[in-house]
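In what follows, a single structure is set out as structure tokens and then discussed.
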Amino acid sequence: MAKHKTPLLDQLESGPWPSFVSDLKQQAEVRAKNEANVEFQIPQDAVEDLLGVMELSYKHGRTHWKHGGIVGVFGYGGGVIGRYCDQPKLFPGVAHFHTLRVNQPSGKFYSTEYLRKLCDLWDFRGSGVTNMHGSTGDIIFLGTTTPQLEEVFWEMTHNLNQDLGGSGSNLRTPSDCVGAARCEYACYDTHALCYHLTQEYQDELHRPAFPYKFKFKFDGCPNCCVASIARADMSYIGTWRDDIPIDQEAVQAYIGGEIPPNGGAHSGRDWGPFDIQKEVIDLCPTNCMWMEGNKLVIDNKECTRCMHCINVMPRALRIGNDRGLSILVGAKAPILDGAQMGSMLVPFIKAEEPYDEIKEVIEGIWDWWMEEGKNRERLGELMKRQGFQRLLEATGLEPDPRMVKEPRSNPYIFWKEDEVEGGWTRDINEFRKHHLR
Amino acid sequence: MAFVSSGYNPDKPMENRITDIGPKKYDEFYPPVIAKNKGTWLYHEYIQPGVYYHVAESGDKVFTVRVGGARLMSTTHIREICEIGEKHCDGYVRFTTRNNIEFMVDSEDKVKPLIQDLESRKFAGGSHKFPVGGTGAGITNIVHTQGWIHCHTPATDASGPVKATMDVLFDDFKNHRLPAHLRVSLACCLNMCGAVHCSDIAILGYHRKPPLLDHEYLDKMCEIPLAIAACPTAAIKPAKIEIAGQKVNSVAVNEARCMFCGNCYTMCPSMPLADTEGDGIVIMAGGKVSNRISAPKFSKVVVAFIPNEAPRWPQTTATIKKIVEAYAKGANKYERLGEWAERIGWERFFEKCELEFTHHLIDDFRDPAYFTWRHTSQFKF
């Protein structure tokens, strides 16, 4: 028998898509029965009360959660988000219901053995409600009390060899795409770089010392499956700088209809026979490919590696072999001054351990941002406020037309004194000898 | 409910403390076929929506079955995922960036029993636990934020509108009929934890009433200068307010300048914005993150406001369905929603999608606004 009536939420149990309401109800029931004899460390009916407070929000059209308050684990400034219910008497089981961010493994691969251990811990010391995963990438544990925070952290670090993720003004938990583990488009090992930098910058991740949040995201190719270009302060996008290898026989197999285009991704509709001219060559953004008889030719020097032809004919075309990544910086969501896309900073850099060149770029940027950034100012906003030139100075990188879409259309250049012959110190009397007042 | 210690000693927090160890190393969790063939994959192909295989240089294949999931997930549900992973996949699973779950097997004969098992499992309420789909030129799972389940600033719920929307778009989760893939995302306020601003279709929670001012408590709860500094439009200033004959320090809000971002509320709990009628949903469209053919694009606001209609948000889902159908009908093969809108022109987009164009949709926020106005004599009647 449910503790709270939930007539509004109940309407979200029907329909084909997995119902979170049904899932929460089954969780409430499992906790009530407790067949596994768990010594619950937070109220056994927490999930009942979670459903109750959610129902109240559905009735009011407003949330019933309050601001965080300062909770966390000793020595860390992030990884825990305090959360309190604004109706604690009605829903005592979720009166204190803090979130823990748990740093996910690269690529979000898991052994079920490990997932079960996480479940055991969270059933014992929390609500058993999670997000798999949060938007940034962490495993999210939703709902525990303050005394349990250190206990969960202790068990994670001692028994599971697992650390928390980031929150607040620090390096947020880096995340990556499936990468070379199971994708033929990966131009570098996203898992290796993501893991390496996460370990390298543990201090920056756990102890907020930045003006605001800072995100790393790793996309193995320009298809950008983790959306790094839209949301990471530093976005690492795989690319290559040599030629696209072509298997001419496979090209013919696509033309002859023996292989479905785009891996069969368009199988739900009859689009007619595959037309390489219309579907590949004419859609190439730089017009750098054409047919010479039965041969597909690519003028690789003009290619901007948009991935379209490779996506359409993955068995005929492959990413090049001289691989690395581009670094784009300053992406963010709209708050406050409007959304920003990542801006190209490093057109090409090799991604090889120990990644020293990449770290040099990172640390140059952080030094500048920590010195000049205002409270709650993202890197992209600082770039807009102080200009791209300052970013070049901070990183020591040489200007390159690949960094811009086009040159400036105003001539208001902030010349520096040492760029102008003779400097700026002049004698007005000398000037007046030739230009009378 | 007796307290059980983990071994942590609150009197000596540094004793045997372990910190800064980071995440588990990824290669502990690779299934054998992945560990063996990493970096040598040649190509992939879809067998049916939600089911695909990759072929490696060694000749090995890995077959992946992708299923949708509510990202809000209980340990009971995760244990069921584990049970399936152990039964079919040697004890391995993975999750995708868009909250799907992927079950991988190393030979084709294991695929059918896996699919049958997944499709047979339903929640007590009747919904699928593990619907197979979400690949190719279709609609995959919605990435989203917390909403009313766990956040203090939302202007709408997240899990509810997502469930309602995916129910309406379910056929396209299980099909490859669209011109290209179509990404739907939801953020429950414009902090956009979900980074929805580059999605084909974005569902965004938005407040429309300026903050309430809890004068009696404001100075006790908040750092007033921080609240003032937090406002992007400088709409907040310090004020002395008289309460029961006592002068207290508080703030005043120039309501005409408020853009309803809630940044003040983030800094000061005594300035709540949430409101039953004021809060609701903005629909944005035409964004993308991929560099394929055209550059990544921001989503554009195409519907300024739809009320929160819990529990199923019918106007929101109907609007999204309308946009998807117009796109499916009008776009060329491989063309993303935003590319289609740009090719036919936004004036035509509103006509095709039967959406009203109101003054709210013309940008008036700072510099970028100018660049969205039409600076040419070219337009379509």
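Things worth noting here:
- The packing ranking, built from the mean of other Cβ atoms within 10 Å per residue, places the peptides B:234-247, B:36-49, A:238-251, A:125-138 in the order A:125-138, B:36-49, A:238-251, B:234-247, highest first.
- Between A:ILE413 and A:ASP322, full extension at 0.36 nm per residue minus the direct alpha carbon distance yields a gain of 29.1 nm.
- Taking the average, over residues, of other Cβ atoms within 10 Å as the packing measure, peptides A:100-110, B:278-288 rank A:100-110, B:278-288 from highest down.
- Of the residues A:TYR114, A:ASN287, A:ILE428, the one whose Cα sits farthest towards the positive end of the charge dipole of chain A is A:ILE428 (charges of +1 on Lys and Arg Cβ, -1 on Asp and Glu Cβ, taken about the Cα centre).
- Integer Hz, Karplus 6.51/-1.76/1.60 couplings in order for segment B:372-381, x for Gly and Pro: 9, 6, 8, 10, 7, 7, 7, 7, 10, 7
- The order of the peptides B:294-304, A:64-74, A:413-423 by mean Cβ neighbours within 10 Å, most packed first, is B:294-304, A:64-74, A:413-423.
- As a length-normalised measure over Cα pairs under 8 Å and 6 or more apart, the relative contact order of chain B settles at 11 percent.
- Taking the Cα centre of the protein assembly as shown as origin and assigning +1 to Lys and Arg Cβ atoms and -1 to Asp and Glu Cβ atoms, the resulting dipole is close to 1800 debye.
- Between the helical axis of B:75-88 and the longest alpha-carbon principal axis of chain B there is an angle of about 20 degrees.
- Working note: Karplus 6.51/-1.76/1.60 with θ = phi - 60° gives segment A:129-140 the couplings 9, 9, 10, 10, 10, x, 4, 6, x, 5, 6, 10 Hz, where Gly and Pro are set to x.
- Cα shape, chain A, gyration tensor, a/c 1.5 rule: oblate
- Shape of chain B, Cα gyration tensor, a/c cut at 1.5: oblate
- Across segment B:199-265, C-alpha contacts under 8 Å between residues 6 or more apart give a mean separation that, scaled by the residue count, equals a relative contact order of 38 percent.
- Violating pairs (Cα-Cα greater than 31 angstrom) within the set A:LYS89/B:LYS129; A:LYS213/A:LYS350; A:LYS25/A:LYS117; A:LYS384/B:LYS163: A:LYS89/B:LYS129; A:LYS384/B:LYS163
- Computed label-point distance, nm, for sites B:ASP171 and B:ALA295 using a 7 Å Cα→Cβ extension: 3.8 nm
- For chain A, relative contact order (Cα pairs under 8 Å, six or more residues apart, normalised by length) works out to 11 percent.
- 1.4 Å probe accessible area per residue over segment A:30-76, in Å²: 44 Å²
- Derived scalar couplings between HN and Hα for segment B:44-49 equal 9, 8, 8, 8, 7, x Hz in order, rounded to whole Hz, by the Karplus curve 6.51 cos²θ - 1.76 cosθ + 1.60 (θ = phi - 60°), x for Gly and Pro.
- Rounded FRET efficiency, nearest 0.05, which uses the C-beta distance separating A:ARG402 from A:LYS295 and R0 of 41 Å: 0.85
- Placing unit charges on the Cβ atoms only, positive for Lys and Arg and negative for Asp and Glu, gives chain B a dipole magnitude near 600 debye about its Cα centre.
- Those Cys residues of chain B for which no other cysteine Cβ falls under 4.7 Å: B:CYS82, B:CYS89, B:CYS151, B:CYS188, B:CYS189, B:CYS193, B:CYS198, B:CYS231, B:CYS258, B:CYS261, B:CYS264, B:CYS353
- With N as its number of residues, segment A:29-120 has a Cα radius of gyration that, divided by 2.2 N^0.38 Å, comes to 1.29.
- Rounded to the nearest 20 debye, the dipole magnitude of segment A:121-212 is 200 debye, with +1 charges on Lys and Arg beta carbons, -1 on Asp and Glu beta carbons, and the Cα centre as origin.
- Average other protein chain Cβ within 10 Å of Cβ, residues B:265-273: 2
- Dividing the C-alpha radius of gyration of segment A:119-270 by 2.2 N^0.38 Å, with N its residue count, gives 1.39.
- Across peptide A:157-164, the average count of Cβ atoms from other chains found within 10 Å of a residue's Cβ is 5.
- Of A:MET291, A:MET383, A:MET307, the residue with the greatest mean-square motion in the GNM of chain A, using alpha carbon springs below 10 Å, is A:MET291.
- Residue-level accessible surface for B:ASP367, protein heavy atoms, 1.4 Å, Å²: 120 Å²
- Antiparallel %, DSSP beta bridges [both residues in chain A], to 5: 80 percent
- For the residue pairs A:LYS278/B:LYS352; A:LYS108/B:LYS297; B:LYS288/B:LYS333; B:LYS24/B:LYS110; B:LYS288/B:LYS321, the C-alpha atoms sit more than 23 angstrom apart in A:LYS278/B:LYS352; A:LYS108/B:LYS297; B:LYS24/B:LYS110.
- Per-residue mean of foreign Cβ neighbours for A:177-187 is 6 (Cβ atoms of other chains, 10 Å radius).
- Here the simple spin-label model places points 7 Å from the Cα toward Cβ, and for A:HIS435 and A:THR304 these points are separated by 4.4 nm.
- Pair-distance distribution of segment A:78-193: all C-alpha pairs, bin width 5 Å, starting at 0; shares per bin in whole percent are 2, 11, 19, 22, 18, 12, 8, 4, 2, 1, 0.
- Its Cα gyration tensor gives the protein assembly as shown an equivalent ellipsoid; the semi-axes, largest first and in whole Å, are 39, 37, 28.
- Using a probe of 1.4 Å, the accessible surface attributed to B:SER120 totals some 80 Å² when neighbouring protein chains are kept in position.
- Proximal aspartates and glutamates to B:LYS87, defined as alpha-carbon separation beneath 13 angstrom and excluding residues fewer than eight positions away on the same chain: A:GLU113, B:ASP117
- For segment A:219-314: rounded, prolate or oblate by the Cα gyration tensor [a/c cutoff 1.5]: oblate
- With DNA, RNA and ligands ignored, accessible area of B:ASP214 (1.4 Å probe; Å², nearest 10): 70 Å²
- In this simple spin-label model, placing a label point 7 Å from the Cα along the Cα-to-Cβ direction at both B:PHE305 and B:LYS322 gives a separation of 1.8 nm.
The values are calculated or read from the model by the stated rules, or taken from the named source; none is laboratory data. These numbers were taken from a predicted model, which means no experiment stands behind them. Backbone-built Cβ (ideal geometry, glycine too); neighbour counts: all protein chains shown. Areas reflect the complete protein model, heavy atoms only, side chains present, ligands, DNA and RNA absent. Shrake-Rupley method; radii C 1.70, N 1.55, O 1.52, S 1.80 Å.
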